[in-house]
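Here you go, one structure.
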Amino acid sequence: MRAATTTRRRDIQLAYLLLAPTLLLLLTVLAYPVGWEVWTSLTDLSPLKDGPPAFVGLANYRAFLADPEFWRAAAVTVVYAAVTSVAKLALGTGFALLLARPFRGRALVFLAVFLPWAYPASVSVIGWYWTLSPPIPTAYSVLMGNIKYAVDSAFGGGAWAFVSVTLFNIWRGSSFIGVFLLAGINAIPPQLFECAVLESKSPWRRFWLVTVPLLKPFFALAVFLSLAMAFADLANVWMLTGGRIVFPVIGTHAYWLAIRGGQFGAASALSLMLVPFFLVVLLVCFRIFDPPEGTGA
Amino acid sequence: MAQVMMKNLNKKYDEVHAVKDVNLHIRDKEFMVLVGPSGCGKSTTLRMVAGLEEITAGEIMIGDRVVNDLPPKDRDIAMVFQNYALYPHMTVYDNMAFGLKMRKFPKLEIQKRVQEAAEILGIQELLRRKPRQLSGGQRQRVAVGRAIVRHPQVFLFDEPLSNLDAKLRVQMRVELKRLHERLETTAIYVTHDQVEAMTLGDRVVVMKDGWIQQVGEPLELYGKPANKFVAGFIGSPAMNFLDVKVADANGALWAEAHGLRVKVPPAHTSRLMPYKGQQVTLGVRPEDLQLASGSDPSEYVFDAVVDVVEPLGSEILLDLRAANSTIVARVEPTVRVKVHEKTRLAMTPDRAHFFDVNTELAI
Amino acid sequence: MLIERTWKKWVYFYIPLTVFVVGTLFPFYWMLITAIRPDAELYRSWRAATNTPFWTLQPTLEHFRDLMAKTTFPQWLWNTFFIAVASTAISLFCGLLAGYALARLRFPMAGTLGTSIFVTYLVPPTLLFIPLANIIRTFQLGDTPWALILTYPTFLIPFCTWLLMGYFKTIPRELEECARIDGATRFGAMLRIVFPIAVPGILSAGIFAFTLSWNEFIYALVFLSSPEKKTVPVGVVSELIRGDIYFWGQLMAGALLGSIPVALVYSFFVEYYVTGLTGSVKG
């Protein structure tokens, strides 16, 4: 038995050659920063401070764990992720089922449904801001102001901001999940659905017994992406609350610490504290749904 | 024009040993067919010749070059695939010209060769179409055309007719045979269909589990199968196998089973002597069984009960029960029998086959 | 298909569909109305008798004109376009090569590399913007388009690679094998056979990448500071909101204009996009 033949060696060389640009780029702008961040989170690095950064061990992490503000942000983040994910999944499934069958004007409806996702979030978020919290006396600002006041006084300050961020996330995310699931439904052979129509009269039962199991891998990835995005959300919250911390999630907290406060060490530690969330979600999703390889989107 | 030699060829995947010690000499201009059930290693062997699979051990020579380390493009071969593998984004003309363009042939020469091949295959009108506008048979022709424009040393065919319907398959089979006679190029053809193998091959290689079972001309495989597998694989309906015991009586050998006692034909007597008193497998082809008439010698006749009658027009297939097993007989279309009827079958004595029970080799 | 009664079709199909569509499109309508509403109407008291919140009687293009003339909006459009095209091109280039290698070549560590590239897609910008800001400062790329062109691929490449890898897997291997026998090298077969066939997949990956980079916010917010260097999403938000003063008309006009390229791209390629997506997922 001889070792790798020339053909095989050529294949391996070609493979690494083709992967080189990707690996190079990902290493420099991903692996290195992550490493740097881990190290920084153990120091008190700050551009505002003179002299070399001091190694402080786990002090940054300990400080956060003792800080009620952190726990508040963490709780808000979890609730935010859970609520939006459930709603997005339900609405997205609805979209996908409605659009699964051909009808006149489907392409247009498809475009309409997809628009919230394709639209720059930072811009459409202003539209929402304008709709939900008009800051000047316009046509219906008093009405919205009253709702805001009622919500805030019932659930505490920032509740209205939370509602609006949640609504926005759902609005924007469910269209993406809808399109994603639609792709999944299209990939299922139609005979399976026709067969199911013969088996059971109730559309509701058919949905749970046929559609859901077949779409499992797609659901898994959708849930994962949705949760991951919500956990890491910074842009939406920051924009919709106009950059004021009325409603801290972990992301905005870190942004304030790092960019406004210059506390790179602490901010890094805070960002890294998101990682356990991701790992848990990843593990749970893939355990429950066991998606096949190759459904990356 | 070239011969192809395989020496101790082996292919191992991580866990599967797909091709085992294959030694084969394919002569210049020969049409060699590799046949066997799926997973027997025939396609892997072909793909090693093409250079699409690495060779784990052994050697392949095309002409007088060892090609083990040559990439496919330098082996001077052409291949026709089961799914035709036409490039969907190119016209038929560009599909056929691709290989010549890659080899930097002058434009005029390319035109000439493509025209020539298109004429041979009768696809001149299709040259401007895209593959998806063609029917299965037309695609098949284009795939063959793409192979022949190159004038390669060896043609490789990987189950090229499997995706066609039955009628078209017979037609294309004849055309391929005619084409080979005209082009006189060495060809290696892989199929799982023994009829294709018998009709097309100058010689046929029967493979199973990665081993070569037998190499020979079609009628040789049919008449003198080397083992039970080849005997059962070549011919349709398949050969009947009966477990019998060799017994010595009245100065002759007899093959005995439950309710069955036939004489061992004289040609086999000497070779079966060592098996006296032991089990062997008796093989009889359906076409070597007939309903017994008074003139048949009684020592080659046995009882059977009709199970199913399948009239095919030109012949009738009878499924019968005899000696506790099911056998098939191919009889004249004029024969009239009823289901469950008791009948007597006569076998043609010099066409009987005997196989060792353990080694399954022909005795 | 079963025959359904008309009212059922309305209850289960048309009404929910209408609700969905109105829900998704209303904010856009609201933006449009605000963008073409004259200032006088925009800042009028809600008690005014002639109040028409859901439409306007005197549509005007004044906000669009102001936006183009009085702000650096055209410059933002160009910046965004340049950055999106450049980072999409880089990501497609890397994604094509890497996707092909992962889909077709057998080499040690193929599985590990494939998974780790996918995992990098899941690393959120929230985790990365702090160290990246530091790197960009070190290389003095801050406040240049290159800061974004080089960082956007972090989330674009993994995505492109995975989508294209899935697409490549749907292309029959025999096509390539045939090309290699016909006289092409592996690389040649990839360029001449696989890539042309994968055009729908490449287009949809490109569209996706273009949209993501056009819409990106956090990196653009952190890495760019001069008003004339900004991209549309950041520029609109940071320059048209001064403290508590919102230039509503111009904001909405900018929001509409700034997303026209993306909307155009989608309406032209929506078919390709869907086939690309389904093709890849089937793989």
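Could you go through region B:125-144 and let me know if any residue there is of a type in the set (S, T, Y), in a loop (DSSP other than H, G, I, E, B), surrounded by fewer than 17 Cβ atoms within 10 Å (Cβ to Cβ) and within 31 Å of the chain's Cα centre (by Cα).
Here is the first cut: in region B:125-144, the residues of a type in the set (S, T, Y) are B:135.
With the extra rule that they be in a loop (DSSP other than H, G, I, E, B), the set shrinks to B:135.
Subset that is surrounded by fewer than 17 Cβ atoms within 10 Å (Cβ to Cβ): B:135.
Subsequent filtering for residues that are within 31 Å of the chain's Cα centre (by Cα) retains B:135.
Checked against the condition, which is being of a type in the set (S, T, Y), in a loop (DSSP other than H, G, I, E, B), surrounded by fewer than 17 Cβ atoms within 10 Å (Cβ to Cβ) and within 31 Å of the chain's Cα centre (by Cα), region B:125-144 yields at least one hit.
Another question about this same structure. Which of the following residues is assigned to a loop (DSSP other than H, G, I, E, B) and either not polar (S, T, N, Q) or not assigned by TED's automatic domain parsing to the domain that holds C:I207 (or both): C:R65, C:R106? Spell out how you get there, then give the answer.
Working: C:R65 fails: assigned to a loop (DSSP other than H, G, I, E, B).
Just one listed residue meets the conditions, C:R106.
Something else now. Could you check A:F103 against (1) more than 12 Å from every other protein chain (Cβ to nearest Cβ); (2) without any contact (Cβ under 8 Å) to a residue 40 or more places away in the chain; (3) among the aromatic types (F, W, Y) and say which number it fails?
(1)
Would you check which residues across region B:97-114 are open to solvent by 80 Å² or more (accessible area, probe 1.4 Å) and away from chain C (no Cβ under 13 Å) and list them? Don't jump to the end; show me each part of the working.
Our first condition is that a residue be open to solvent by 80 Å² or more (accessible area, probe 1.4 Å); within region B:97-114, this holds for B:101, B:104, B:106-108, B:111-112.
B:P106, B:K107, B:L108, B:Q111, B:K112 - these are the residues of region B:97-114 that are open to solvent by 80 Å² or more (accessible area, probe 1.4 Å) and away from chain C (no Cβ under 13 Å).
For (1) more than 29 Å from A:V78 (Cβ to Cβ); (2) open to solvent by less than 70 Å² (accessible area, probe 1.4 Å); (3) in contact (Cβ under 8 Å) with a residue 40 or more places away in the chain, each residue gets a yes or a no:
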{"residue": "A:L192", "(1), (2), (3)": "yes, no, no"}
{"residue": "A:S202", "(1), (2), (3)": "yes, yes, no"}
{"residue": "A:W208", "(1), (2), (3)": "no, no, no"}
{"residue": "A:V212", "(1), (2), (3)": "no, yes, no"}
{"residue": "A:P217", "(1), (2), (3)": "no, yes, yes"}
{"residue": "A:A222", "(1), (2), (3)": "no, yes, yes"}
{"residue": "A:A228", "(1), (2), (3)": "no, yes, yes"}
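Does any residue in region B:94-121 that is farther than 12 Å from C:D182 by Cβ come within less than 7 Å, Cβ to Cβ, of a residue that is open to solvent by less than 80 Å² (accessible area, probe 1.4 Å) and among the charged types (D, E, K, R) six or more places away or on a different chain, and which pairs are these?
Cβ pairs passing all conditions: B:L121/B:R141.
Here is a further query. For the condition among the small types (G, A, S) and in contact with a helix residue (DSSP H, G or I) (Cβ under 8 Å, 6 or more places away or on another chain), what is the one hit in A:A66, A:A87, A:A31?
Details: A:A66 fails: in contact with a helix residue (DSSP H, G or I) (Cβ under 8 Å, 6 or more places away or on another chain); A:A31 fails: in contact with a helix residue (DSSP H, G or I) (Cβ under 8 Å, 6 or more places away or on another chain).
Of the residues listed, the single one that is among the small types (G, A, S) and in contact with a helix residue (DSSP H, G or I) (Cβ under 8 Å, 6 or more places away or on another chain) is A:A87.
Here's the yes/no breakdown for (1) within 19 Å of C:I83 (Cα to Cα); (2) in contact with a helix residue (DSSP H, G or I) (Cβ under 8 Å, 6 or more places away or on another chain):
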{"site": "C:S116", "(1), (2)": "no, no"}
{"site": "C:Y121", "(1), (2)": "no, yes"}
{"site": "C:A133", "(1), (2)": "yes, yes"}
{"site": "C:W146", "(1), (2)": "yes, no"}
{"site": "C:I149", "(1), (2)": "yes, yes"}
{"site": "C:P153", "(1), (2)": "yes, yes"}
{"site": "C:P158", "(1), (2)": "yes, yes"}
{"site": "C:E174", "(1), (2)": "no, no"}
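Looking at A:P137 and the list (1) modelled with pLDDT under 75; (2) more than 11 Å from chain C (Cβ to nearest Cβ), which single condition is not satisfied?
That leaves (2) as the condition not met.
If you take the residues of region B:53-70 that are under 15 Å from B:P152 (Cβ atoms) and either part of a loop (DSSP other than H, G, I, E, B) or touching a residue at least 12 places away in the same chain (Cβ under 8 Å) (or both), which of them is most open to solvent (accessible area, probe 1.4 Å)?
Pass one, region B:53-70, residues under 15 Å from B:P152 (Cβ atoms): B:62-63, B:65, B:67, B:70.
Within this subset, residues satisfying the condition of being either part of a loop (DSSP other than H, G, I, E, B) or touching a residue at least 12 places away in the same chain (Cβ under 8 Å) (or both) are B:62-63, B:67, B:70.
Numbers: B:I62: 2, B:G63: 17, B:V67: 0, B:L70: 43 Å².
Across region B:53-70, the extreme among qualifying residues is B:L70.
What residue, of C:L251, C:L256, C:L191, is at the interface with another protein chain (Cβ under 7 Å from one of its Cβ atoms) and part of a helix (DSSP H, G or I)? First the steps, then the outcome.
Numbers: C:L256 fails: at the interface with another protein chain (Cβ under 7 Å from one of its Cβ atoms); C:L191 fails: at the interface with another protein chain (Cβ under 7 Å from one of its Cβ atoms).
Result of the check over C:L251, C:L256, C:L191: C:L251.
Let me confirm something: among C:Y121, C:Y29, C:Y100, which residue is in the same structural domain as C:V236 (by TED's automatic domain parsing), open to solvent by 30 Å² or more (accessible area, probe 1.4 Å) and either at pLDDT below 80 or out of contact with any strand residue (DSSP E or B) (no Cβ under 6 Å at 6 or more places or on another chain) (or both)?
Numbers: C:Y29 fails: in the same structural domain as C:V236 (by TED's automatic domain parsing); C:Y100 fails: open to solvent by 30 Å² or more (accessible area, probe 1.4 Å).
After applying the criteria, what remains is C:Y121.
Also, I was wondering about something else. Could you say whether any residue in region B:158-177 is among the small types (G, A, S) and either open to solvent by 50 Å² or more (accessible area, probe 1.4 Å) or over 15 Å from the mean Cα position of the chain (by Cα) (or both)?
So the first thing to find is which residues in region B:158-177 are among the small types (G, A, S), and the list is B:162, B:166.
With either open to solvent by 50 Å² or more (accessible area, probe 1.4 Å) or over 15 Å from the mean Cα position of the chain (by Cα) (or both) added as a condition, the list becomes B:166.
Within region B:158-177, one or more residues are among the small types (G, A, S) and either open to solvent by 50 Å² or more (accessible area, probe 1.4 Å) or over 15 Å from the mean Cα position of the chain (by Cα) (or both).
Taking the condition in contact (Cβ under 8 Å) with a residue 40 or more places away in the chain, buried (at least 21 other Cβ atoms within 10 Å of the Cβ) and away from chain A (no Cβ under 11 Å), does C:L148 pass?
Details: in contact (Cβ under 8 Å) with a residue 40 or more places away in the chain: yes; buried (at least 21 other Cβ atoms within 10 Å of the Cβ): yes; away from chain A (no Cβ under 11 Å): yes.
Against the criterion (in contact (Cβ under 8 Å) with a residue 40 or more places away in the chain, buried (at least 21 other Cβ atoms within 10 Å of the Cβ) and away from chain A (no Cβ under 11 Å)), C:L148 qualifies.
Only one of (1) more than 18 Å from B:K228 (Cα to Cα); (2) without any contact (Cβ under 8 Å) to a residue 60 or more places away in the chain is not met by B:E287, so which one is it?
Condition not satisfied by B:E287: (1).
Look at region B:1-50 and say how many of its residues are under 21 Å from B:L221 (Cα atoms), small (G, A, S) and part of a helix (DSSP H, G or I).
Counting residues in region B:1-50 that are under 21 Å from B:L221 (Cα atoms), small (G, A, S) and part of a helix (DSSP H, G or I) gives 1.
The values are calculated or read from the model by the stated rules, or taken from the named source; none is laboratory data. What you see is a predicted model; the values in this text were computed from it and never measured. Here Cβ is always computed from backbone atoms with ideal geometry, including for glycine, and neighbour counts include all displayed protein chains. The protein model used for the area step is the full one, side chains on, heavy atoms only, and it has no ligands, DNA or RNA in it. Shrake-Rupley method; radii C 1.70, N 1.55, O 1.52, S 1.80 Å.
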